[in-house]
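Here is the structure we will look at, set down as structure tokens.
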Amino acid sequence: MLFSNRAEAGRFLADRLRGYAGRDDVVVLALPRGGVPVGYEIAKALGAPLDVFVVRKLGVPGHEELAMGALASGGVLVLDERLIHALGISEEAVRRAVAAERRELERREALYRGRDEPPDLAGKTVILVDDGLATGSTMRAAALAVRRLGPARIVVAVPVASEETCDAFRDDVDEIVCGITPRPFRGVGMWYDDFSQTSDEEVRELLAQAAERPQLTR
């Protein structure tokens, strides 16, 4: 099947998550930018608050596509110490990467959230949402970071994922919900009619609209 766009994908996924509707302990966290239109529809259907969870991968110097860790909302830093040691990456190189990504993370959080504080996740059921999973590295970093903030349960929910990546998450989170797991996978964007980039302005508009809705949690 093809999703017409991210909003339709979110409505499809919300139906798979209806067991979480009407609960006062649920928070939907979307990974910007593409995860926000998906998360908006899920939060709307469940009657839950929506926020963003900004994650910045820390790339290995010279091979930035390979993640040696991640920095996330709330100041959470996750490092792959074994990889850093195996590749002989210096502490100074790690510090430079962290500083650069912290600046970008702070810029994005200020852009999306303004001066609002991030939600308190202690004891909550957190539904982490993106528009799909390919390798899953960013979502895995997000899940690790959220775990450090003390939630009762972490659910990862995506409309489309590779079957292998979806299965791999079963050991990382309390529940993984993948709407479809097509074979061959060929990439997230292949399963959307419209996979155009979500703009920062669209993210801000959706967050503002979500904040205006009546919710069971604040």
I'd like the full set of residues that are free of Cβ contacts under 8 Å to residues at least 60 places away in the same chain, open to solvent by 50 Å² or more (accessible area, probe 1.4 Å) and closer than 20 Å to Pro32 by Cβ, limited to the range 69-119. Gly75, Leu77, Arg102, Arg103, Glu106, Arg107, Ala110, Arg115, Asp116, Glu117
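Looking only at residues in the range 169-198 that are in a helix (DSSP H, G or I) and open to solvent by 50 Å² or more (accessible area, probe 1.4 Å), which one is nearest to Met1 (Cα to Cα)? Even if it seems obvious, please write down each step before you answer.
Taking the range 169-198 first, the residues in a helix (DSSP H, G or I) are 169-171, 188-191.
Add one more test, that the residue is open to solvent by 50 Å² or more (accessible area, probe 1.4 Å), and what stays is 170-171, 190.
Working: Arg170: 24, Asp171: 27, Met190: 10 Å.
It comes out as Met190.
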State which residue pairs qualify: first residue in a loop (DSSP other than H, G, I, E, B) and inside the range 1-30, second residue at pLDDT 95 or above and exposed (fewer than 15 other Cβ atoms within 10 Å of the Cβ) in any location, beta carbons under 6 Å apart, and separation of 6 or more residues or different chains. Leu2/Asp193; Ser4/Asp193; Asn5/Asp194
Give just the number: which of (1) at pLDDT below 95; (2) closer than 12 Å to Met139 by Cβ; (3) of a type outside the set (Lys, Arg); (4) not in a helix (DSSP H, G or I) does Ile154 not satisfy? (1)
Could you tell me which residue of the range 46-59 is farthest from the chain's Cα centre (by Cα), considering only residues that are more than 11 Å from Ala210 (Cα to Cα) and open to solvent by 10 Å² or more (accessible area, probe 1.4 Å)? Gly59
Close pairs from the range 177-200: first within 14 Å of Cys166 (Cα to Cα), partner open to solvent by less than 50 Å² (accessible area, probe 1.4 Å) and of a type in the set (Ser, Thr, Tyr), Cβ under 8 Å, at least 6 apart: Thr181/Ser162; Phe185/Ser162
Picking from Ala100, Ala134, Ala168, Ala161, the residue that is under 17 Å from Gly75 (Cβ atoms), out of contact with any Lys or Arg (no Cβ under 6 Å at 6 or more places or on another chain) and not aromatic (Phe, Trp, Tyr) would be Ala100
What pairs come up if the first residue lies in the range 51-64 and is in a strand (DSSP E or B), the second is among the aromatic types (Phe, Trp, Tyr), and their beta carbons are under 6 Å apart, counting only those six or more places apart or on different chains? Val52/Tyr112
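Give the residue, chosen from Ala152, Ala141, that is more than 14 Å from the chain's Cα centre (by Cα) and open to solvent by 10 Å² or more (accessible area, probe 1.4 Å).
Ala152
The values are calculated or read from the model by the stated rules, or taken from the named source; none is laboratory data. Keep in mind the model is a prediction, meaning the values are calculated, not measured. We place every Cβ from the backbone using ideal geometry, glycine too, and count neighbours over all the protein chains shown. All accessible areas refer to the heavy atoms of the entire protein, side chains included, with ligands and DNA or RNA removed. Shrake-Rupley method; radii C 1.70, N 1.55, O 1.52, S 1.80 Å.
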